[in-house]
1. What does the helix-only formula give at 222 nm for the chain: each DSSP H stretch with n ≥ 4 adding -39500 (n - 2.57), the total divided by the residues, and the result rounded to the nearest 500 deg cm²/dmol?
2. Could you tell me which residue out of W15, A184, I416 lies farthest along the dipole of the chain toward its positive end? Charges go on the beta carbon: Lys and Arg +1, Asp and Glu -1, centred on the Cα centre.
3. Between Q111 and L61, what is the label-to-label distance in nm when each label sits 7 Å out along the Cα-to-Cβ direction?
4. Determine ³J(HN,Hα), in whole Hz, for all residues of region 395-403 in sequence, where each value follows from phi through the Karplus function 6.51 cos²θ - 1.76 cosθ + 1.60 and θ = phi - 60°; x replaces Gly and Pro.
5. Contour minus end-to-end for D420 and E97, with contour as 0.36 nm per residue of separation and end-to-end as the Cα-Cα distance?
6. Quick one: of the DSSP bridges fully inside region 336-426, what percent are antiparallel, nearest 5?
7. Check L180: other-chain or 5+ apart residues with amide H under 5 Å from its amide H, H built from backbone geometry?
8. Hey, if you put +1 on the Cβ of every Lys and Arg and -1 on every Asp and Glu Cβ in the chain, which of L67, G282, A403 ends up farthest toward the positive end of that dipole?
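The values are calculated or read from the model by the stated rules, or taken from the named source; none is laboratory data. All values reported here derive from a predicted model rather than from experimental measurement. All Cβ positions, glycine included, derive from the backbone under ideal geometry; neighbour counts span all protein chains shown. SASA here: full protein model, heavy atoms, side chains in, ligands and nucleic acids out. Shrake-Rupley method; radii C 1.70, N 1.55, O 1.52, S 1.80 Å.
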Amino acid sequence: MPEVVLAHQVDFATWRSASRYFVHLGTEPEALHWTVASIGPEQQYGAGTAQYPAPAPVMNLSRRFALALGQALQLHDPERFAHLYRIMYRLAHDGLELTDLHDPDLVWLRQSMAAVRATTLRFREAFSALSAQQQAFGILQSAPEHYILEANARYCTQRNVRPWQVVTPYRRMEWTGDTLRFAAGTDVVRDEAAVQWQVDGTGIWRGYALSVVPPQRKDVDTAPNLALLGAEAMDCRACALWEPASRTVFGEGPQNAALMLVGEQPGDQEDLQGRPFVGPAGQVLDKALQDAGLQRHQVYVTNAVKHFHFIWKGSRRLHQKPEAEHIAACRVWLDAERRLVQPALLVMLGVTAAQSVLKKPVTISAARSRLFHLEGETQGLVTVHPSYLLRLPDEASRQREYARFVEDLRLAANYIGQVDQCATEE
């Protein structure tokens, strides 16, 4: 009986090349034996991937179906390799139709994908919570039900650019800030000194087809907390901005914040660091908040658009104003953030934020510096975006407009103080 030895639990490259090879030979599913190589402390984890000669003609799979197979391969089930091969074999030799909703093999495939997706979202929620709390090197101890770590490698490096490590029973993963490294998990290696790292400088686990988990509208609308909502947002493909950008830049701050600040979109530094308002405009905002009697950690800060819109000029990325389609596509995330935070006051920084929240044309001069009702128990306040202050031509103008900006934030601080006092008295 032919035996296929996979290098590790999610060795999709070997599984796929072997499957295509044996399907072409007409090898029936019952005639193949699938196994995973045993790993010891002296071995480099995941090293070596068997190669099978490409069949002719090559069996072509759609990208969507290949991703489905890669997702199901993450299932914690020793029979999954054989089960997936049987689907491939039946597609080639038995006339299996992927549209057959009642076929037992395809029902199993859909159920496997759903189980892996559920585990993926729970892991992402935990990782997002770690990212929000992390001040220095963060370590996440996790025991996912399925083998989902490698498929989430890119997600993790996009979600948190600071150094971190994830440790699971079967696998561990470390991000140094520029290099992604893998090693055997705690069930295999318990002595840290004996760990052999498998290094991939590209940040992507080699030989593995990474699967994106597209966010479902119902999942966004029912997300129970900001960590899970942020995890969903990392795979947003609702508009074209995701492709050139480095990552989704989600909101940041406490879920029970009384004050919520909404800006326009992430800039160059935000796109690189994965956090809102960390560039020059963010530095102006932090100073203005402090001058108004507020602290950054007290407020929830986000943007109307979650991806950086830019054009290249030589080696520089130049900010471009987001278009109406980008604002509309991202409104689902802003609405969900507002649902979870439920701020007493929402401050719109700039015209893009105001138009996104109010869903109508707005001019800053007409709407600025006054409180008005939004919906529920939330009040609104419009002011300028801090980047506006950086674009002013002279120091006198910058000082004058900065003072007005601080006054707007002080108005917000006073209102929040009144709300807190009333809540205390009640």
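1. So the helix-based figure for the chain works out to -12500 deg cm²/dmol.
2. My answer, from the dipole projection, is I416.
3. 2.1 nm
4. Karplus values, whole Hz, x for Gly and Pro: 5, 4, 5, 4, 5, 4, 6, 5, 4.
5. The D420-E97 span can extend by a further 110.2 nm.
6. Here the share of antiparallel DSSP bridges comes out near 25 percent.
7. Amide H to amide H, under 5 Å and 5 or more residues apart or across chains, L180 pairs with D200, G203.
8. With unit charges placed on the Cβ atoms, the residue in question is A403.
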